[in-house]
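Undergrad: Once you've had a glance at the structure underneath, I'll fire off some questions.
The values are calculated or read from the model by the stated rules, or taken from the named source; none is laboratory data. Nothing here was measured: the structure is a model prediction, and the numbers come from that model. Don't worry about glycine lacking a Cβ; one is built from the backbone with ideal geometry, like all the others, and counts go over all protein chains shown.
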Amino acid sequence: MLKEEHIKKINQYKTPFYYYDLQILQKTLDVVKAESYKYNYHVHYAFKANTNSRIIDLIQKNGLGADCVSGNEVKCAIENNFDSSKVVFAGVGKSDDEINYALEKNIFCFNCESLQELDVINELAAKQHKLASIALRINPNVDAHTHKYITTGLEENKFGINPYEFETVIEKLKHLPNLKLIGLHFHIGSQITDLSPFKKLCSRVNEINTYFLNKGFDLPIINVGGGVGINYHEPDKHAIIDFAAYFKVFNNFIELRKNQELHFELGRAIVAQCGSLISKVLYIKNGINTNFAILDAGMTELIRPALYQAFHVIENISSKEKNTIKYDVVGPICESSDCFGKAVELPETKRSDIIAIRSAGAYGEVMASRYNLRDEVRSYFSE
Ligand SMILES: *Cc1c(COP(=O)(O)O)cnc(C)c1O
């Protein structure tokens with residue numbers, strides 16, 4: 001349950017809105033830094049998880065790099081004082097304008113996802129008289145065992161370059177003088193709660209790293225992406241994931257050469273638990289088999305449940321009722337998928353009660369839309 005100090009604050013504002021506990025975010029960053037610095041690992045924050053300016057400002061002040069998947073994310077990172085030498089840019093469909101902008105800003109690395117993209121970056125870099133640093137985003141064919149919409153490392157997924165294309169890539173690079181291959185990049189999916197897919201990833205990375213060395217490429221950067229999952233069921237008990245165990249897997253299983261740096265791109269695990277979507281109950285509708293609690297927030301504010309059946313803890317933070325009842329907690333949008341949870345056990349709930357939907361700091365506010373001409377969602381902070 002959200003703490004009393006937060007509830008007091010929350011009660012001052014008009015719903016719906018995102019509420020961010022910056023203390024949780026800072027504590028999370030402290031653990032990320034402590035655990036990754038043990039091994040001299042480099043951590044980039046995956047911008048797409050949350051680009052709220054207070055959030056990215058705090059992350060920047062803690063010295064993380066930026067992992068971007070669009071030109072506007074690169075721009076956002078640079079305008080928010082992330083050092084361009086710590087900005088990486090991935091994405092299967094980078095447009096010419098996006099590539100040009102990133103070249104102008106001399107970002108650290110393009111994570112390239114196809115053979116054709118190599119030609120395009122080379123051509124645009126030549127026009128700017130630049131040498132573009134690139135890493136190959138490799139599809140390692142490792143199953144992340146997560147929801148099918150957020151698995152990215154299988155051959156059937158659109159992401160990355162496949163191992164059968166390596167020879168062609170190596171041949172191609174000989175004729176692309178404005179590209180400098182500096183590393184290998186991987187990202188196998190998101191919300192991965194079991195560490196074993198990361199062990200498998202390590203062994204694939206080792207094979208591929210050796211393959212490139214044997215072909216004459218002694219690459220300084222290995223980037224293993226992000227994707228480590230959080231506990232959506234117990235947001236208070238597990239506010240911060242076990243980063244020690246996560247980084248240790250890589251330390252144990254990845255074989256880096258002396259000159260090689262290991263990079264990570266973490267999104268969800270950094271920002272998910274610091275955010276809650278706060279909403280008010282507009283109506284209670286009692287049916288024969290199902291009771292509905294109809295909120296003033298919906299899939300327009302938080303689309304994860306509608307988009308990939310995501311689970312979020314739902315709390316009635318204003319009720320003192322002892323008696324509990326099951327509700328389908330739904331939003332006001334004209335779509336049946338606009339449902340935050342089915343048969344959710346809540347204290348007996350009435351109109352105007354305040355509801356907190358927890359663990360909404362990642363892929364929440366950033367995915368908000370104005371469908372149904374809804375107002376843009378607001379945000380407030382613990383301090
Ligand atoms: C989304 C994404 C990440 C971050 O994923 P999380 O599950 O939020 O940690 C990292 N790298 C790339 C390339 C991504 O697309």
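Undergrad: Checking the conditions here, which among ARG358, ARG378, ARG351, ARG370 is away from the ligand (no atom under 16 Å from the Cβ), under 13 Å from THR15 (Cα atoms) and at pLDDT 95 or above?
TA: Going through ARG358, ARG378, ARG351, ARG370 in turn, the sole match is ARG378.
Undergrad: Inside the stretch 253-337, counting only strands (runs of 3 or more DSSP E) that do not spill past its ends, which hold 3 or more residues that are within 16 Å of the ligand (Cβ to nearest atom)?
TA: Numbers: elements: 261-266, 275-286, 291-295, 314-316, 324-330.
Because the criterion is at least 3 residues that are within 16 Å of the ligand (Cβ to nearest atom), the strands (runs of 3 or more DSSP E) in the stretch 253-337 that meet it are 261-266.
Undergrad: Within the stretch 109-125, can one find any residue that is part of a loop (DSSP other than H, G, I, E, B) and within 20 Å of ILE221 (Cα to Cα)?
TA: Filtering the stretch 109-125 down to residues part of a loop (DSSP other than H, G, I, E, B) leaves 113-114.
Pick out the ones that are also within 20 Å of ILE221 (Cα to Cα) and you get 113-114.
Yes; the residues of the stretch 109-125 include at least one that is part of a loop (DSSP other than H, G, I, E, B) and within 20 Å of ILE221 (Cα to Cα).
Undergrad: Continuing with the same structure: What's the number of the only condition in (1) in the same structural domain as HIS187 (by TED's automatic domain parsing); (2) in a helix (DSSP H, G or I); (3) without any contact (Cβ under 8 Å) to a residue 60 or more places away in the chain that LYS8 fails to meet?
TA: Tallying (1) in the same structural domain as HIS187 (by TED's automatic domain parsing); (2) in a helix (DSSP H, G or I); (3) without any contact (Cβ under 8 Å) to a residue 60 or more places away in the chain, LYS8 fails exactly one: (1).
Undergrad: Checking the structure you have, find out if any residue of the stretch 156-168 is touching a strand residue (DSSP E or B) at 6+ places or on another chain (Cβ under 6 Å), assigned to a loop (DSSP other than H, G, I, E, B) and not hydrophobic (A, V, I, L, M, F, W, C).
TA: Yes, there is a match, as at least one residue in the stretch 156-168 is touching a strand residue (DSSP E or B) at 6+ places or on another chain (Cβ under 6 Å), assigned to a loop (DSSP other than H, G, I, E, B) and not hydrophobic (A, V, I, L, M, F, W, C).
Okay, residues lined up against (1) crowded, with 20+ Cβ neighbours inside 10 Å; (2) on the phi < 0 side of the Ramachandran plot; (3) without any contact (Cβ under 8 Å) to a residue 12 or more places away in the chain; (4) not assigned by TED's automatic domain parsing to the domain that holds ILE208:
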{"position": "PHE243", "(1), (2), (3), (4)": "yes, yes, no, no"}
{"position": "ASN251", "(1), (2), (3), (4)": "no, yes, no, no"}
{"position": "GLN260", "(1), (2), (3), (4)": "no, yes, no, no"}
{"position": "HIS263", "(1), (2), (3), (4)": "yes, yes, no, no"}
{"position": "GLY267", "(1), (2), (3), (4)": "yes, yes, no, no"}
{"position": "VAL281", "(1), (2), (3), (4)": "yes, yes, no, yes"}
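Undergrad: Let me ask something else. Being touching a Pro at 6+ places or on another chain (Cβ under 9 Å) and either free of Cβ contacts under 8 Å to residues at least 40 places away in the same chain or under 10 Å from SER319 (Cα atoms) (or both) is the filter here; which residues of the stretch 340-363 pass it?
TA: Matches in the stretch 340-363: GLY341, ASP353.
Undergrad: Related question: Which condition number does ILE355 fail, the rest of (1) farther than 26 Å from ARG268 by Cβ; (2) crowded, with 21+ Cβ neighbours inside 10 Å being met?
TA: Tallying (1) farther than 26 Å from ARG268 by Cβ; (2) crowded, with 21+ Cβ neighbours inside 10 Å, ILE355 fails exactly one: (1).
Undergrad: Can you pull out the residues in the stretch 91-107 that are more than 13 Å from GLN128 (Cβ to Cβ) and touching an Asp or Glu at 6+ places or on another chain (Cβ under 9 Å)?
TA: GLY91, VAL92, GLY93, LYS94, listed by residue number.
Undergrad: Further question: Conditions first: (1) free of Cβ contacts under 8 Å to residues at least 60 places away in the same chain; (2) away from the ligand (no atom under 14 Å from the Cβ); (3) assigned to a strand (DSSP E or B). ILE182 passes all but one, so which condition is the exception?
TA: Here ILE182 clears every test but (1).
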